[in-house]
Amino acid sequence: MSLHPDEMPYADAPPEIIAAMNGRPPTVQQWRAISHDLTPCAIVAGAGSGKTAVMAARVVYLTLEKLALPSQILCLTFTNKAAEELANRVRNAVAHLGLPEGEEATVLTYHAFAERLLDDYGLRMGLEAGPMLLTAAHKWQLASSLFSDRTFEHLEVRTVPYTVRQMLQLADHCSNHLVTPEQLRAQAIEWAAHVEPK
């Protein structure tokens with residue numbers, strides 16, 4: 001089975017880009033994303049296709065081409081885990097470019113970036129500065145408080161920590177898939193009607 005031309009390795013990739021791609025040359029498609037000019041561009045790719053490596057290689061490319069320094073680049077992702085992995089990849093990718101000490105890209109989740117914007121510019125928009133997003137500890141505490149002195153008709157709570165963990169995981173999934181509390185509630189009511197004994 002032969003590869004589509006876009007899936008072939010891009011032969012002229014600089015060694016710094018190959019290093020950022022974990023030692024593999026980017027495909028032609030990946031190179032297009034890495035070397036895209038400074039205009040908006042959407043990349044649609046499935047899990048495990050190398051998006052994180054491409055983002056790290058993009059930071060290297062912009063730095064090598066003197067289009068931007070890492071400190072002028074913002075990388076956004078959805079989860080804390082993905083942000084941590086991307087930050088490590090970007091840091092490792094630019095480590096050998098001879099940049100000044102502390103020259104790093106900003107890597108955040110969308111939520112953390114929004115929180116930073118609110119902290120920095122909230123007063124200009126008439127919003128009070130201060131914590132507006134819940135920390136993991138606050139989420140845990142709030143979710144745990146829901147189980148004190150309550151009886152649930154359709155849920156058996158054997159261990160509160162397990163149930164809280166599941167609830168917070170569900171909240172994250174809903175947030176990531178843009179499911180509103182109202183949609184979740186409607187779905188839960190529909191599900192409860194099907195499982196309720198007649």
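Just name the residue that is modelled with the highest pLDDT out of those in the range 100-110 that are open to solvent by 50 Å² or more (accessible area, probe 1.4 Å) and more than 12 Å from Thr79 (Cβ to Cβ). Among them, the one singled out is Glu104. When the residues of the range 61-97 are filtered to those that are at pLDDT 90 or above and part of a loop (DSSP other than H, G, I, E, B), the one that is most open to solvent (accessible area, probe 1.4 Å) is Lys66. Within the range 111-128, restricting attention to residues that are open to solvent by less than 70 Å² (accessible area, probe 1.4 Å) and outside any loop (DSSP other than H, G, I, E, B), the residue that is modelled with the highest pLDDT is Phe113. Take the residues in the range 21-40 that are closer than 24 Å to Asn92 by Cβ and part of a helix (DSSP H, G or I), then tell me which one is least open to solvent (accessible area, probe 1.4 Å). Within the range 21-40, the match that is least open to solvent (accessible area, probe 1.4 Å) is Ile34. For the condition surrounded by 14 or more Cβ atoms within 10 Å (Cβ to Cβ), outside any helix (DSSP H, G or I) and either in contact (Cβ under 8 Å) with a residue 40 or more places away in the chain or of a type outside the set (Asp, Glu) (or both), Ile18 does not qualify. Taking Ile43 as the residue in question, decide whether it is of a type in the set (A, V, I, L, M), open to solvent by less than 50 Å² (accessible area, probe 1.4 Å) and either at pLDDT 85 or above or under 18 Å from Leu76 (Cα atoms) (or both). No, not satisfied.
The values are calculated or read from the model by the stated rules, or taken from the named source; none is laboratory data. No experiment lies behind these values; they were computed from the predicted model shown. Here the Cβ is made from the backbone with ideal geometry for all residues, glycine too, and neighbour counts use every protein chain on show. Keep in mind that these areas ignore ligands, DNA and RNA; they rest on the heavy atoms of the full protein, side chains included. Shrake-Rupley method; radii C 1.70, N 1.55, O 1.52, S 1.80 Å.
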